[in-house]
1. Kindly indicate whether GLN97 is closer than 18 Å to PRO71 by Cβ and either out of contact with any Pro (no Cβ under 9 Å at 6 or more places or on another chain) or surrounded by fewer than 16 Cβ atoms within 10 Å (Cβ to Cβ) (or both).
2. Anything in the stretch 121-163 that is modelled with pLDDT of 95 or more and in a loop (DSSP other than H, G, I, E, B)? List them, or say none.
3. Restricting to the stretch 45-97, what's the tally of residues that are touching a residue at least 40 places away in the same chain (Cβ under 8 Å) and within 19 Å of the chain's Cα centre (by Cα)?
Amino acid sequence: MSNVRNGVNVDQLIGTIETLKNNPEQAHIHFRAKNEWVNGAYSRTTIQRGPFILEGDEPAALCGSNAAPNPVEAVLHALASCLAIGVAYNAAARDIQIDGLEFDLEGDIDLHGFLGLSEQIRPGYQNIRVSYRVKSDAPHEKLEELFAYVQKTSPVLDIISHPIPVSMTRAE
């Protein structure tokens, strides 16, 4: 019978970790997405692994139809989802039961950057704030260690906290 905690198969998680320790070349993963503009601010992105379809739009105040979250809201979703996964997996591996977990995220953008009205203002988030509520019988210190570790190992937090090279080419 499998060892499941927080909805995570701990035996499988530990097995995956051991496999990657013994075969580091298997840790390199390539993700793919394809986006198609539909109209106005609305577009659809297909995630190749699924396929999963994600939609993007802008609110009416930014000339969109408000049919879907805008891309910067999707970034908040990606960060929250990544942190939740990190907490669930790492808590399970540490034998910590999580009975409830919620994240609240806020980010601030100055539209002068996005609209090209100022080269001194970055077009993306100036800052992001994350608060969380966790329900667990684990000691406070264990939870603090868990959340510090999750922040250190979150791929999405790393992506939005540190610059990475992005190349853009025209495909024929």
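The values are calculated or read from the model by the stated rules, or taken from the named source; none is laboratory data. Note that this is a predicted model, so its numbers are computed, not measured. Every residue, glycine as well, gets a Cβ built from its backbone with ideal geometry; the counts of neighbours run over all protein chains shown.
1. Working: closer than 18 Å to PRO71 by Cβ: no; either out of contact with any Pro (no Cβ under 9 Å at 6 or more places or on another chain) or surrounded by fewer than 16 Cβ atoms within 10 Å (Cβ to Cβ) (or both): yes.
No.
2. Residues of the stretch 121-163 modelled with pLDDT of 95 or more: 121-162.
Across the stretch 121-163, the qualifying residues are ILE121, ARG122, PRO123, GLY124, TYR125, GLN126, SER136, ASP137, ALA138, PRO139, SER154, HIS162.
3. Selection size over the stretch 45-97: 15.
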